[in-house]
Amino acid sequence: MVQPTQTRISADDYYTLHSYAEYEKHGISEYWIVDPLHETIEMWTLGEDEKFQRAGVYARTDTFTSPILKQDVAGATILGNPS
C-alpha cells in the first residue's frame with residue numbers, strides 16, 4: 001500500500017491520525033508513505049510482532065529493496081523527475 005501525503009507530520013502523529021491498526025489487522029505487510037514535498041519515501045513493514053516498524057526513509061536518489069515486490073525500487077521511479 002502506498003500513501004501519498006501533502007504535509008509533513010511525524011510518524012507517531014501519522015499513526016495516531018490514520019491508525020495502522022486496520023492495516024495490521026488485515027495483514028498488509030508493507031506500507032509506504034510518499035511525501036512529494038520533501039521528496040521522501042518512508043517504508044514500513046509488518047514485524048514478527050504483527051506491528052509496523054519503519055524499515056527506512058529514502059530520497060529520490062536512493063534505491064531500496066521492497067520485500068513485498070521482491071525487487072529494488074529507485075526513489076526517482078516513485079517521486080518522478082525533479083521540477
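The values are calculated or read from the model by the stated rules, or taken from the named source; none is laboratory data. Bear in mind that the values here come from a model prediction, so they are computed numbers and not experimental data. No Cβ is skipped: glycine too gets one built from the backbone with ideal geometry, and neighbour counts run over all protein chains shown.
So in the range 47-58, with the set limited to residues that are surrounded by 13 or more Cβ atoms within 10 Å (Cβ to Cβ) and in contact with a helix residue (DSSP H, G or I) (Cβ under 8 Å, 6 or more places away or on another chain), which one is farthest from residue 28 (Cα to Cα)?
Among residues in the range 47-58 that are surrounded by 13 or more Cβ atoms within 10 Å (Cβ to Cβ) and in contact with a helix residue (DSSP H, G or I) (Cβ under 8 Å, 6 or more places away or on another chain), the one farthest from residue 28 (Cα to Cα) is 58.
Could you grab me the full set of residues in the range 59-71 that are of a type outside the set (Lys, Arg) and either in contact (Cβ under 8 Å) with a residue 40 or more places away in the chain or within 18 Å of residue 29 (Cβ to Cβ) (or both)?
64, 65, 66, 67, 68, 69, 71
Of all residues in the range 29-43, count the ones that are of a type in the set (Asp, Glu) and surrounded by fewer than 17 Cβ atoms within 10 Å (Cβ to Cβ).
Adding up the residues that qualify gives 0.
Pick out the one residue from 5, 45 that is under 11 Å from the mean Cα position of the chain (by Cα) and at pLDDT 90 or above.
Of 5, 45, the one residue that is under 11 Å from the mean Cα position of the chain (by Cα) and at pLDDT 90 or above is 45.
Suppose we filter the range 32-83 for residues that are among the acidic types (Asp, Glu), within 26 Å of residue 21 (Cβ to Cβ) and part of a strand (DSSP E or B); how many remain?
Selection size over the range 32-83: 2.
Just for the range 72-83: of the residues that are surrounded by 17 or more Cβ atoms within 10 Å (Cβ to Cβ) and at pLDDT below 95, which one is nearest to residue 24 (Cα to Cα)?
78
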